[in-house]
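The values are calculated or read from the model by the stated rules, or taken from the named source; none is laboratory data. On a predicted model such as this, the values are computed, not experimentally measured, just so you know. FYI the Cβ positions are ideal-geometry reconstructions off the backbone, even for glycines, and counts take in every protein chain you see.
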Amino acid sequence: FSRALGAAIHLRLLAGENSHHIIEGAFKALARALAQAVEIDERFRERIPSTKGTIL
């Protein structure tokens with residue numbers, strides 16, 4: 001997945017013992033973060049998404 005995405009994915013394990021549940025939680029968190037990142041914000045629907053002028 002990260003190869004096709006062209007990005008590095010870093011996870012930090014904070015707690016847990018069962019590796020299945022740890023991995024399941026990590027992927028669920030990643031999915032939620034990606035969904036939020038690509039969601040269209042209705043307040044800015046008419047504007048083109050850009051970071052121009054926001055990165056210092």
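Could you list, ordered by first residue, the pairs with Cβ atoms under 9 Å in which the first is in segment 8-35 and among the polar types (S, T, N, Q) and outside any helix (DSSP H, G or I) and the second is at pLDDT below 90 and surrounded by fewer than 10 Cβ atoms within 10 Å (Cβ to Cβ), at least 6 apart or interchain?
none
Condition check: surrounded by 10 or more Cβ atoms within 10 Å (Cβ to Cβ) and polar (S, T, N, Q). Does Ser2 satisfy that?
On the way: surrounded by 10 or more Cβ atoms within 10 Å (Cβ to Cβ): yes; polar (S, T, N, Q): yes.
In short, yes.
Looking at segment 14-37 only, could you name the residues that are more than 30 Å from Ser50 (Cβ to Cβ) and exposed (fewer than 10 other Cβ atoms within 10 Å of the Cβ)?
Leu14, Ala15, Glu17, Asn18, Ser19, His20
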